[in-house]
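Working notes, structure below.
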Amino acid sequence: MAYFYYKYLSKDGPIATGLIDLPYDNPISATTYLEQQGHTVIVVNPLSPFMGALAGLAIHTFEKKVTMEELAEGLTNMAVMLKAGIPLITCLKDTIADHDNSTLSKVGQQLVMRVEGGSSLAEALAAYPRYFPDTLVFLVRLGEETGSLDQTVRDAAAHTQKMDKIRRDTKSALTYPTFMFVAIFGAMFFWIYLVVPPMADMFKQFQLDLPVFTKMVIDGSVVIKANVGMIFGVLLGTIFTLVALVKSSAAVRKLIQRILMKTPIFKVILTAFNLAFITQYMSMMLRAGVDVMRTLQVLKEAIPNEIYREHLDQVQENLVSGIGLRESFDKVGIFPNFVVRMIGVGEQSGTLSEQLEYIAEDYRVKLDELVGNIGKLVEPIAIVVGGGLFIALAMALFAPLYQLIKNI
C-alpha cells in the first residue's frame with residue numbers, strides 16, 4: 001500500500017491531479033488501475049515513505065470518520081447478499097454503492113482491488129486496521145476457513161451493533177458529570193477574573209483590614225488576571241500533551257484509568273462498560289467456535305482499558321497453569337462474584353457463550369439505567385462541590401463588606 005501522485009486526462013474531459021492511496025507498491029499497477037477507471041494517464045509517481053506518511057496523516061486527519069453504526073450496516077447488507085449466494089466481489093461493490101460515507105467507499109474500493117488481486121477478504125481487511133478491528137478480521141478469516149462467511153459476517157455485524165450501543169451509552173453517561181464539573185470551575189473562573197478585581201479595588205479604597213482568606217482570593221485573582229493568556233496556553237498545551245500521551249503510552253493510559261476507576265461516579269460507569277465489553281466479546285467469539293485461549297488473546301488486543309487488559313493476561317496465565325476458567329477469573333480479583341458465578345455455571349453446563357451473553361445484557365441494561373439516572377447521581381456531588389466553593393468565595397468577598405457596613 002502506497003501513495004501515488006497522479007496526473008491524468010479524466011474520462012469526463014479535464015486534466016486532474018492529486019494523491020491516491022492504492023494497495024500497490026509500483027507505478028505500473030497504479031497506472032493500470034487508473035486506466036481501468038477510464039482515465040488517460042499522463043504521469044504516476046510513488047511518494048517516498050516519509051512523504052507518504054505525511055500525506056496519510058493529513059488525509060486521515062480531515063477525512064470523514066467511519067462510525068461503528070455505518071460499519072455494522074455495511075456488514076449486515078453484505079451478510080444478506082452472501083447468504084443469497086452472490087459472489088464476494090459483487091457483494092463488496094454493492095455494499096460500497098449503498099454507502100454515502102466517502103471514506104468507507106474509498107476503503108471499500110481498495111478492498112475490492114485487493115480481493116481481485118488474489119488476497120482473501122480477511123487479508124484485505126487486515127491491511128486497514130484503522131477502519132476494521134482485529135475481531136472482524138479474525139471472524140472473517142474463521143468464516144473463510146470453515147465455509148461459513150455469511151454467518152460470521154452476520155455475527156460480526158450484530159456484535160458491532162451491540163458494542164456501538166455500549167460505547168454510546170458510556171459516552172452519554174460520562175458526558176453529564178464532565179460537563180457539570182467543567183461548568184462549576186468555569187463559573188468560579190468568571191467570578192475570580194471579573195468580579196473579584198473591582199471588589200478588591202473597593203476594599204483598597206476603604207483601607208479595610210482583610211481576613212487572610214480574602215487576601216488569598218484577591219492575590220489569586222491578581223495573578224490570574226495578569227497571566228490569563230499564559231494560563232490558557234499552558235492549559236491547552238497540557239491537554240494536547242495529555243491526549244498525545246494517552247494515545248501513545250500504555251503507562252499513562254493505565255495511570256489515568258486507575259485514577260478514574262477510584263472516582264465514585266466514573267468507577268460505576270467504567271466498570272459497567274468494561275464488563276459489558278469483555279463478556280460481549282467473549283460470548284461472540286466462543287459462539288463462533290473460537291477456543292477460550294484465542295478468545296482471550298483477541299480480547300486483550302481489543303479492550304481499551306489497560307487495567308482489565310492486565311487482569312485478562314493473568315486469567316490466561318492461570319489457564320495455562322491448569323486452573324479452570326471460573327477459578328482463573330476469580331483469582332485475579334477484579335471481576336464481581338456475579339460474573340464469576342455465571343462463568344462457572346456456563347463452564348459446568350457447556351453453555352458458556354449463553355451465560356456470557358446474559359452477563360453482557362445485564363451490564364448493557366445497567367448502562368442504560370446509568371444514562372437515565374446520571375443526573376440524580378451527579379447532582380448531590382455537584383451541589384456539595386459547587387456550593388462549597390461558592391460559599392467559600394462569598395464569605396471571602398462579603399465578610400469585609402459586612403464589617404464595613406457594621407462600622408458605618
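Coordinate-derived values only; no laboratory data. Keep in mind the model is a prediction, meaning the values are calculated, not measured. Methodologically, a virtual Cβ is constructed for each residue, glycine included, from the backbone with ideal geometry; neighbour enumeration extends over all protein chains shown.
Using only Cα atoms, find the angle between the long axis of helix 250-261 and the longest principal axis of the chain, and express it within 0 to 90 degrees, rounded to the nearest 10. Value to nearest ten degrees: 60.
Using the rule -39500 (n - 2.57) for each DSSP H run of four or more residues, divided by the residues of the chain, the 222 nm mean residue ellipticity is -25500 deg cm²/dmol. Does segment 217-266 come out rounded, prolate or oblate by the C-alpha gyration tensor, with a ≥ b ≥ c the root eigenvalues, rounded set by a/c under 1.5 and, if not, prolate when a/b is larger than b/c and oblate if not? Verdict is oblate for segment 217-266. Converting phi to 3J(HN,Hα) with the Karplus coefficients 6.51, -1.76 and 1.60 and the offset θ = phi - 60°, segment 125-139 yields 5, 5, 6, 10, x, 5, 10, 10, x, 4, 4, 4, 4, 5, 5 Hz in sequence order, with x at every glycine or proline. A simple spin-label model places the labels of E116 and I259 5.1 nm from each other, with each point 7 Å out along Cα-to-Cβ. Computed from Cα atoms, the angle from the helix 337-349 axis to the main principal axis of the chain rounds to 20 degrees.
Taking a point 7 Å from the Cα of R130 along the Cα-to-Cβ direction, the residues of segment 24-39 with backbone N closer than 18 Å to it are 24-25. Per-residue Karplus couplings for segment 168-173, computed as 6.51 cos²θ - 1.76 cosθ + 1.60 with θ equal to phi - 60°, are listed in order as 5, 5, 5, 4, 4, 5 Hz, Gly and Pro entered as x.
Relative to the first principal axis of the alpha-carbon coordinates of the chain, what is the inclination of helix 212-226, with its axis defined by its Cα atoms, in degrees from 0 to 90 and to the nearest 10? That helix lies at roughly 50 degrees to the long axis.
Across the chain, Cα-Cα distances exceeding 39 Å account for 41% of all pairs.
Inter-part distance, segment 157-187 to segment 235-303, computed on C-alpha centroids, equals 15 Å. Computed over neighbours whose Cβ is under 13 Å from that of F138, the net charge equals -4, Lys and Arg +1, Asp and Glu -1. Residues K366, K247, K267 in ascending order of nearby Cβ atoms (within 10 Å, fewest first): K247, K267, K366.
With a Förster radius of 22 Å, plug the Cβ-Cβ distance of S105 and D164 into 1/(1 + (r/R0)^6) and report the FRET value to the nearest 0.05. About 0.65, to the nearest 0.05.
For T351 and D94, a Förster radius of 30 Å and the Cβ-Cβ distance give a FRET efficiency of 0.20, rounded to the nearest 0.05.
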